[in-house]
Amino acid sequence: MMVALDTADPLAAAAVNKLLFLQYMPGADGFNRGPIPCVGLKAGFAYRVGLAGPFVTGGTSNGCGTTDWYLRDASNLKYLTLFDYSRAGNAWGAGMGGDDSLNHDGWWYVR
């Protein structure tokens with residue numbers, strides 16, 4: 001899965017540190033259930049914050065429900081991004097290189 005913030009163009013998002021890839025882990029069922037893809041992936045997903053390079057294992061979350069998903073980095077100290085229906089947007093987390101600001105448009109690409 002790929003998340004781009006504030007633009008639908010992955011290259012433009014990557015240029016300003018607003019691109020996140022989440023890796024489907026074999027045996028994890030989180031991306032197969034809904035209504036959002038965090039069920040089963042509350043902890044232990046892999047991610048990267050650039051167009052290329054290795055995935056970081058051990059991503060975690062301190063929120064996962066039918067209306068929200070709060071993704072945190074492997075150290076569990078920084079947010080990567082979050083989706084929260086009640087906040088009407090996504091966050092640009094410090095784990096992506098952001099300022100933890102809210103209400104960013106998000107394009108979530110799933111294949």
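Assorted remarks:
- Those residues of the range 94-109 which are hydrophobic (A, V, I, L, M, F, W, C) and surrounded by fewer than 20 Cβ atoms within 10 Å (Cβ to Cβ), in sequence order: A94, L102, W107, W108
- Close pairs from the range 84-100: first touching a residue at least 40 places away in the same chain (Cβ under 8 Å), partner part of a loop (DSSP other than H, G, I, E, B), Cβ under 6 Å, at least 6 apart: W92/G98; G95/D73; G95/K78; M96/N17; M96/V49; G97/N17
- Among the residues listed as L22, L51, the single one being in a strand (DSSP E or B) and either under 17 Å from Y109 (Cβ atoms) or modelled with pLDDT of 85 or more (or both): L22
- Of the strands (runs of 3 or more DSSP E) lying entirely inside the range 66-111, the ones with 2 or more residues being aliphatic (A, V, I, L, M) are found at 79-84.
- The lone exception for A28 - which of (1) modelled with pLDDT under 70; (2) within 12 Å of the chain's Cα centre (by Cα) it fails: (2)
- Looking only at the range 66-93, residues that are over 16 Å from F45 (Cα atoms), surrounded by fewer than 16 Cβ atoms within 10 Å (Cβ to Cβ) and among the small types (G, A, S) come to 2 in all.
The values are calculated or read from the model by the stated rules, or taken from the named source; none is laboratory data. Since the structure is predicted, the reported quantities are computational estimates derived from the model, not experimental observations. Every residue, glycine as well, gets a Cβ built from its backbone with ideal geometry; the counts of neighbours run over all protein chains shown.
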